[in-house]
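Below: one structure, written as structure tokens.
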Amino acid sequence: MPAAAPSVLTAEALAEADGPRQRRAIAKAITLLESTRADHRAQADQLLTALLPRTGKSFRLGISGVPGVGKSTFIETLGLYLIERGHRVAVLTIDPSSTVSGGSILGDKTRMEKLSVHERAYIRPSPSSGTLGGVAEKTREAMLVCEAAGYDIVIVETVGVGQSETAVSGMTDMFVLLQLPNAGDDLQAIKKGVMELADLVVINKADIDPDAATRAQAQITSALRLFGHHGNPVHAHVVHGADAALRQWQPRVIQSSALLGTGVDAFWDTVLQFKTLQAATGKLAARREKQALAWMWERIDAGLKQAFRQHPKVRELLPKTVAQVAAGALPASTAARNLLAAQVAQAGAAQPLEEHINTTSGTGP
Ligand code: GDP
């Protein structure tokens, strides 16, 4: 272990402590991961590497939906249901509103009242600053910490207002979209891209208007058939034959009332069916592999971009170049080529690129 890291942050301490001691260790580890200090980042990278063999054993569930659809009520009900069945549940959130304005759609204190105080649950609000990519990175890393601490269900929640659904779908084994009973009346309002990410759609608040919920269920079911599925194009059965089609997951639509606790059984049953099928067909492992590589490249892109912006020659040329492009005096593509060339020409003279990357990018699977 790194000499500089406090002993409470060893992988063993995280995994083997229990109760309040483990909670403190988790909180401390996540705070370290979220720190922007370069020495903290180095410690965080060492910790993540040490944790890695203990990670990956949870089921990672992404949940999204517009504000007010009932996400926190649903997660509270589901979380307590899972704890009753012997699981330990971690809930992490990605709140895109907090990264832009510092304000928060998701983060009020009354959310998940019972779950948040339960000893078998761990709830971590969204990191409150940084780009969406940065926040997603911290959340992925926090997920690894929770897995190493023995949480076997990790729920990543986000609010359906932007690209955060793509980020959450890109770090979870299954992506669930919560919808309101009137969703079917205005299918246009449901973004096609988000719908395509969904492995399961839940019509929540079915108690308010059961007829509308049933209508929405039928409409969204047929819309999903039309859209196809991300790992599962519409015409897949034609290409691979009936057997393959039978073994491919068809996104489902179910109803629930998170408030009354109905539909949670059916929900979890569907999740388990999905999990069993994905594991049997190798898709669970393939999805994680693809996610890990996409994450690596995303972080390389972010690291390169940051190193580029910090490069002395680029910093010197940037203001003038920006002004020229804005004024229409220089084509944007020429400006980009000039700046890239300036960085490459100076790369030998300035700080080596690898050093920048070491201090700006993350580590992990
Ligand atoms: P979020 O913004 O998506 O997290 O939504 P909340 O979980 O905070 O729920 C918003 C409101 O809808 C709250 O007043 C909940 O009590 C209520 N609510 C959530 N689920 C249901 C449900 O299934 N039925 C009914 N009638 N109300 C619900």
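The values are calculated or read from the model by the stated rules, or taken from the named source; none is laboratory data. Just so you know, these numbers come straight off a predicted model, no measurement behind them. When we count neighbours, we look across all protein chains shown, and the Cβ atoms used for this are built from the backbone with ideal geometry, even at glycine. These area figures cover heavy atoms from the full protein model, side chains too; ligands, DNA and RNA do not enter into them. Shrake-Rupley method; radii C 1.70, N 1.55, O 1.52, S 1.80 Å.
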Residue that is among the charged types (D, E, K, R) and within 19 Å of residue 284 (Cβ to Cβ), where the choices are 41, 60, 37: 60
Need the failing condition index for residue 255 against (1) modelled with pLDDT under 95; (2) open to solvent by 20 Å² or more (accessible area, probe 1.4 Å), just the number. (1)
Does residue 227 count as modelled with pLDDT under 90, assigned by TED's automatic domain parsing to the domain that holds residue 111 and surrounded by 12 or more Cβ atoms within 10 Å (Cβ to Cβ)? yes
Cross-chain or 6+ apart pairs with Cβ under 6 Å, segment 65-94 first and without any contact (Cβ under 8 Å) to a residue 60 or more places away in the chain and more than 6 Å from the ligand (Cβ to nearest atom), then open to solvent by 50 Å² or more (accessible area, probe 1.4 Å) and not β-branched (Val, Ile, Thr): 83/120
Reported set for segment 167-191 where residues are at pLDDT 90 or above and β-branched (Val, Ile, Thr) is 168, 172, 176
Quick one: which residue in 259, 317 is assigned to a helix (DSSP H, G or I) and over 23 Å from the mean Cα position of the chain (by Cα)? 317
Would you say residue 61 is within 16 Å of the ligand (Cβ to nearest atom), open to solvent by 10 Å² or more (accessible area, probe 1.4 Å) and in the same structural domain as residue 169 (by TED's automatic domain parsing)? no
What residue, among those in segment 126-155 that are closer than 19 Å to residue 44 by Cβ and open to solvent by 40 Å² or more (accessible area, probe 1.4 Å), is modelled with the highest pLDDT? 131
The residue from 281, 276, 270, 321 that alone is of a type in the set (Ser, Thr, Tyr), buried (at least 17 other Cβ atoms within 10 Å of the Cβ) and within 27 Å of residue 143 (Cα to Cα) is 270
Based on this model, can you work out whether residue 25 counts as under 14 Å from residue 148 (Cβ atoms) and either aliphatic (A, V, I, L, M) or within 16 Å of the ligand (Cβ to nearest atom) (or both)? yes
Just to be sure, is residue 49 within 16 Å of the ligand (Cβ to nearest atom) and not aliphatic (A, V, I, L, M)? no
